[in-house]
1. How big is the dipole moment of the chain about its Cα centre under a simple scheme where the beta carbon of each Lys and Arg is +1, that of each Asp and Glu is -1, and everything else is neutral? Debye, nearest 20, please.
2. Can you send over the solvent-accessible area of Thr94, 1.4 Å probe, protein chains only, in Å² to the nearest 10?
3. Which percent of the accessible heavy-atom area of segment 2-171 goes to carbon and sulfur, probe 1.4 angstrom?
4. Calculate the tail of P(r) for the chain: the fraction of all Cα-Cα distances greater than 30 Å, expressed in %.
5. With all protein chains present, calculate the accessible area of Arg150 using a 1.4 Å probe and round the result to the nearest 10 Å².
6. Please work out the Kirkwood hydrodynamic radius for segment 1-68, using every pair of different C-alpha atoms, and report it in angstroms with one decimal place.
7. Take the alpha carbon atoms of segment 1-36, find their center, do the same for segment 101-165, and report the distance between the two centers in whole angstrom.
8. Where does each of Ile163, Ile74 land when they are ordered by accessible area, with a 1.4 Å probe and the largest first?
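The values are calculated or read from the model by the stated rules, or taken from the named source; none is laboratory data. Just so you know, these numbers come straight off a predicted model, no measurement behind them. Methodologically, a virtual Cβ is constructed for each residue, glycine included, from the backbone with ideal geometry; neighbour enumeration extends over all protein chains shown. For accessibility, only protein heavy atoms count, side chains too; no ligands or nucleic acids. Shrake-Rupley method; radii C 1.70, N 1.55, O 1.52, S 1.80 Å.
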Amino acid sequence: MLETLTTLTQPWADYYSASTWLPTAMIAMHVLALFVGGGIALGADRQVLRSRPSRSDAYLAAATDLHATHRIVIAALVITNLSGVALFTADVGTFWGSPVYWAKMATLAVLMLNGARMRSTEARLLASARNTVELAVAGPDVTEPYQSLRTHAWVSVLGWCTIVVLGVVVANI
Ligand code: HEM
């Protein structure tokens, strides 16, 4: 498998290592995308963790704010992942055997799974909060998904921070 992958990616690896600007440009794109995506994700997570809504309309506002961040975070993750694949295939031999690299990929899988579950919880919350927006005190069909949202926010914060640390370790193997 490693041999096949090395043969397939050799032309790219040769071009990459011969270039004076490409390694810097690729790392810059990788880090800039995670800076933007991770920054907005952490900001939204902090908002979810700090807010203590009680009325349905406050829950609706919190979920609507979070919903507005997903598109840019997903776009940034796509760029981070594509540039990551370019970095990985530029030196398969180094990263393939690295447990740190695979720990990073496993953490990324958890982060993306958590993101998908966060979106479905948020959709449930939005629907319930819209249906009960006139209520002075939010019912369990609003407070329960919000509690799950807080758990997802914690997983997101820990996930992003862990990947960044593992990313730096991978870069200095
Ligand atoms: C949320 C997703 C990701 C984050 C936050 C992230 C973060 C980072 C960080 C902070 C670095 C260190 C940059 C440096 O110090 O030079 C890095 C390097 C690296 N990342 Fe990622 N990364 C992500 C996704 C990926 C993916 C999906 C892959 C591969 C498929 C990948 C492969 C790499 C490689 C190979 C390096 C080392 C590059 C080198 O030094 O030559 N990353 N990453």
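1. On the way: 11 positive and 10 negative charges, 91 e Å.
Charge dipole of the chain: 440 debye, to the nearest 20.
2. 50
3. Working: 6620 of 9500 Å².
Its accessible area is 70 percent carbon and sulfur atoms.
4. Values: 4706 of 14878 pairs.
In whole percent, the long-distance tail amounts to 32.
5. 40
6. Working: mean 1/r = 0.0633 Å⁻¹.
Answer for segment 1-68: a Kirkwood hydrodynamic radius of 15.8 Å.
7. Between the Cα centres of segment 1-36 and segment 101-165 lies a distance of 33 Å.
8. Working: Ile163 25, Ile74 75 Å².
From most exposed to least exposed: Ile74, Ile163.
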